[in-house]
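Okay, structure first, notes after.
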Amino acid sequence: DTAVSQTPKYLVTQMGNDKSIKCEQNLGHDTMYWYKQDSKKFLKIMFSYNNKELIINETVPNRFSPKSPDKAHLNLHINSLELGDSAVYFCASSQDLRTSYGYTFGSGTRLTVV
Amino acid sequence: GIQVEQSPPDLILQEGANSTLRCNFSDSVNNLQWFHQNPWGQLINLFYIPSGTKQNGRLSATTVATERYSLLYISSSQTTDSGVYFCAVEGWGNNRLAFGKGNQVVVIP
C-alpha cells in the first residue's frame, strides 16, 4: 500500500507538448505539495494545497497549473513544455499545514523534455 | 527567506565508521526534518526534530534550536546509508519547508 503514489514514474516528451502528473495519498493528510528537484539535487517547493485550497504558489510560471479535486489528490498539469522543465518532480503530503508532521514523499516523476 | 546550510557537502565513509552531518539555519524555526534520498531517488523522512534528541536504530539527531543548528549522527555506517541527506526547516508562520543542498554520503565496503 503506497502512501503517496505519483504517476507516471518517467515522462519523455517533446518541447511544446502539454503533460500531466498525478498524485494520490492514502494517509488521510490535509496538506499536499509539489516539489521540483533539479540536476544538482536541489529541492524547491512549487505549490502546496491544504484541504483543496491553494496555500503556496512559489513564483512558478503560469504554464504550471496544480489541481486538487479532493484532499487526497493533487495533480500537476504543465503546458507548452520547455527544455528547462526537465527535472524530477516530487509530490508530498503532511498531516496538516501547521506542523508539517508526517512529511511523506512520493517516488518522483522524472520528466525529460527533448 | 530562511537559509539552510549543510556540511560537509560530500563524505566518503568506510563501512563501520561513524559520522556527523551538520545543518545550520539562519532564523528561529518551528519545524526541522531530516530526509534521506537513496541512490534510487526515494526520499525518506528520518526525523521530525524541531528541538531535542531522537534516536532511530543507528541514526540519531539533535537539534539545538536556540543556537540554530541540528546534527545527524550515523553510527556503524552500512552501504545502505549511501545517498543524500537533506535538512529542511520551516520558519514560524511560513508554511513551507526550506531545504538545504544536502550531504552526499558514500559508504564503501
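The values are calculated or read from the model by the stated rules, or taken from the named source; none is laboratory data. The structure presented is a predicted model; accordingly, all values stated were derived computationally and were not measured. Note that each Cβ is placed from the backbone with ideal geometry, even for glycine, and that neighbours are counted across all protein chains shown. We work out accessible area using only protein heavy atoms, side chains counted, and drop any ligands, DNA or RNA first. Shrake-Rupley method; radii C 1.70, N 1.55, O 1.52, S 1.80 Å.
Miscellaneous remarks
- Total residues in the stretch B:92-109, condition open to solvent by 10 Å² or more (accessible area, probe 1.4 Å), more than 10 Å from every other protein chain (Cβ to nearest Cβ) and under 19 Å from B:LEU32 (Cα atoms): 1
- Among all positions in the stretch A:47-65, there is at least one residue which is within 9 Å of chain B (Cβ to nearest Cβ), of a type in the set (Asp, Glu) and surrounded by fewer than 17 Cβ atoms within 10 Å (Cβ to Cβ).
- Considering A:SER86, A:SER20, A:SER100, A:SER80, the condition of being under 19 Å from B:ARG96 (Cα atoms), polar (S, T, N, Q) and either within 14 Å of chain B (Cβ to nearest Cβ) or out of contact with any Asp or Glu (no Cβ under 6 Å at 6 or more places or on another chain) (or both) is satisfied by A:SER100 alone.
- Restricting attention to the stretch B:75-91 and to residues that are out of contact with any Leu (no Cβ under 6 Å at 6 or more places or on another chain) and over 24 Å from A:ILE45 (Cα atoms), the residue that is nearest to the other protein chains (Cβ to nearest Cβ) turns out to be B:SER82.
- For A:PHE105, the stated conditions do not hold, so it cannot be described as at pLDDT 95 or above and either among the polar types (S, T, N, Q) or within 19 Å of A:THR13 (Cα to Cα) (or both).
- Pair list, Cβ < 7 Å and 6+ apart or interchain, from the stretch A:1-28 residues that are part of a loop (DSSP other than H, G, I, E, B) to residues that are aliphatic (A, V, I, L, M) and open to solvent by 60 Å² or more (accessible area, probe 1.4 Å): A:ALA3/A:LEU27; A:GLN14/A:VAL114; A:MET15/A:LEU83
- Any hit, the stretch B:87-102, residues being touching a His at 6+ places or on another chain (Cβ under 8 Å) and part of a strand (DSSP E or B): no
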